[in-house]
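All remarks here apply to the structure that follows.
The values are calculated or read from the model by the stated rules, or taken from the named source; none is laboratory data. Remember, it's a predicted structure, so these values are computed and weren't measured experimentally. Note: ideal-geometry Cβ built from the backbone for every residue, glycine included; neighbour counts use all protein chains shown. With ligands, DNA and RNA removed, areas are computed over all heavy atoms of the protein, side chains included. Shrake-Rupley method; radii C 1.70, N 1.55, O 1.52, S 1.80 Å.
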Amino acid sequence: MATPLGLSSLFSSRIHTTTPSVFPIHRKEFNRRRIILVTAAGGGKPTILVAEKLGQAGIDLLKKHANVDCSYDLSVEELCTKISLCDALIVRSGTKVGRDVFESSRGRLKVVGRAGVGIDNVDLAAATEYGCLVVNAPTANTVAAAEHGIALLTAMARNVAQADASIKAGKWMRSKYVGVSLVGKTLAVLGFGKVGSEVARRARGLGMHVITHDPYAPADRARAIGVELVSFEVAISTADFISLHLPLTAATSKMLNDETFARMKRGVRIVNVARGGVIDEDALLRALDSGIVAQAALDVFTVEPPVKDNKLVLHESVTATPHLGASTMEAQEGVAVEIAEAVVGALRGELAATAVNAPMVPPEVLRELKPYVVLAEKLGRLAVQLVTGGSGVDAVKVTYASSRSPDDLDTRLLRAMVIKGLIEPISSVFINLVNSDYVAKQRGVKISEERMVLDGSPEDPIEYITVRIANVESRFASALSESGEIKVQGRVKQGVPSLTKVGLFGVDVSLEGSVILCRQVDQPGMIGKVGSILGDENVNVSFMSVGRIAPGKQAVMAIGVDEQPSKETLKKIGDISAIEEFVFLKL
């Protein structure tokens, strides 16, 4: 479900795009933001507070452009006192930058830099509200994390940690610690981003057969590395080793659980250098005890540090390290330089590609586009869920139908929100106006835009928005257009975003809650049958509409539901003889 609309929710998102926008950026707004960022109190060099230890190369770079105050281990009160004298703040993961910090800055704080990837310790909503840009350093840790993943993979396979502890305890247990070979084994890389692709390269060099699951991984990039793109089901059911490189999102939380472990090959081995919450740790413990999972190598945990008597950490078949993925001297220096460059650039007025929130949008533009922003995001979410597993998304086209001239319609927000809907559910990158094109480019997704000029009154900014995804297979064949693209279209009706077309079928359903799409033989009683099944399972139907080719032919029924139906309920709908295909889409 989309977050409530407000400045923070509009810009605390994730995106990436490569194609230049067809629509002009209003330079007046851009320049006003530049002045806000450049100005430093007192008219001299800006002051940057470094609140946690940073590599010397980063400190040296900062000192060339600003007055640098390195003050570590500050209490909340001390940080709030100091911040009113600072134009920028750099932290790692140990300093919480909450609303009280932004309030105490009295508007002077212009940039917060997080030396690392995660930004869980920064209140993004408060930062946006107070006009403060937040940047991070997402790339410098890539090689270090990949190397640690391979280190855990090999150490686990040969029982290095357990054998080391045994021999230091005065034992000589060669027969107990017989390992397994990596050559010829199948490694499933779940998440084929920067770290996942680097792990795949190295695993190929070890003689492993590498497969990957990532809905957004470009097929050509996978082929270039010699990796096979597969569905999630194929990945977990055929792998001898599984390496996790997924962000922790609502979609990936506890992705490996009792159900998924049960579908794995018995004796599978698992490596996690991504996020602890991706694995249900209690379920992993059960899988280890039952032998479904032979071994696990974990660098991250749901709670860090884990409690001293954590059964998973103490398990004989688990190799554990204390979140060392980025802990190399080279990576620490790289992060320091990357965050220093981003902070200095922001203070100069350059809008950094690593920004995780966005500059303010003029209130009048925000007010007018508010419902269309929701529509754009939800169309993106619907479209990407129609892509079948294993199909890499690489080409997306967004069409805006409007009676307004291009100069009177700024669609940067809409473009960003389409990309947010496409990518955010499985991405840890926050998408906004600043970084949308950058993230799309990094993920190999080309976003193109098209204007359809309509005759009529320009009172409403947009008549409808269409999102198309090309070169993919669809989970719901009826969502394909004549040209074979997945196609969804929607409009705002009385202030409410609505789905109006799926493929070639016209529908009319409010984009609230979630949507069930059914292709059926057009015959009497179908609405009643489906409605009765949902009603019996206490699933509330908010909207229902049917679009058909001709009476008695095929039709598509779109059903808006407030709750997610159970698998059993969906199966009952699918078992109706007249229903040829159906899909549940979560908004």
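Structure data summary
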read-out: DSSP beta bridge pairing in the chain, given as percent antiparallel to the nearest 5; value: 50
read-out: Spatial extent of region 224-294: Rg and Dmax, with the Cα atoms as the point set, Å; value: 12.0, 39
read-out: Dipole magnitude of the chain about its Cα centre (Cβ charges: Lys, Arg +1; Asp, Glu -1), debye to nearest 20; value: 1060
read-out: Cross-link pairs beyond the 27 Å C-alpha cut-off, checked among Lys441/Lys567; Lys82/Lys308; Lys487/Lys571; Lys370/Lys529; value: Lys441/Lys567; Lys82/Lys308; Lys370/Lys529
read-out: Over region 456-569, equivalent-ellipsoid semi-axes from the Cα gyration tensor in Å; value: 24, 19, 14
read-out: Largest-first principal axis extents of the Cα set of region 143-201 (Å); value: 43, 25, 14
read-out: Positive-end extreme of charge dipole, region 87-207 - chosen from Ala169, Ile150, Thr139 (charges on Cβ); value: Ala169
read-out: Reach of Lys572 by Cα under 15 Å, taken over aspartates and glutamates that are not fewer than 8 positions away in the same chain; value: Asp536, Glu537, Glu580, Glu581
read-out: Over 43 Å [Cα-Cα, the chain], rounded percent; value: 27
read-out: Probe 1.4 Å, protein heavy atoms only - accessible area per residue of the chain in square angstrom; value: 43
read-out: Rel. contact order, % - alpha carbon contacts under 8 angstrom, at least six apart, the chain; value: 17
read-out: Estimated Rh, region 173-305: Kirkwood, alpha-carbon pairs, angstrom; value: 15.0
read-out: Under the span-like rule (Cα at least 18 Å along the axis, Kyte-Doolittle mean at least -0.5), DSSP H helices of the chain; value: 142-157, 329-348, 363-385
read-out: Kirkwood Rh in Å, taken over all unlike Cα pairs in region 255-394; value: 19.6
read-out: Ratio Rg/Rh, restricted to region 370-523 and using Cα atoms, in which Rh is the Kirkwood radius; value: 0.95
read-out: Charge sum, other residues only, whose C-beta stays under 13 Å from Arg451's C-beta, Lys/Arg counted +1 and Asp/Glu -1; value: -3
read-out: More than 17 Å apart - percent of Cα-Cα pairs taken over region 94-212; value: 68
read-out: Per-pair calculated FRET efficiency, R0 = 41 Å: Ser448 and Arg201 via Cβ, rounded to 0.05; value: 0.85
read-out: nm² value of the averaged projected area, convex hull over the Cα atoms of region 152-236; value: 6.4
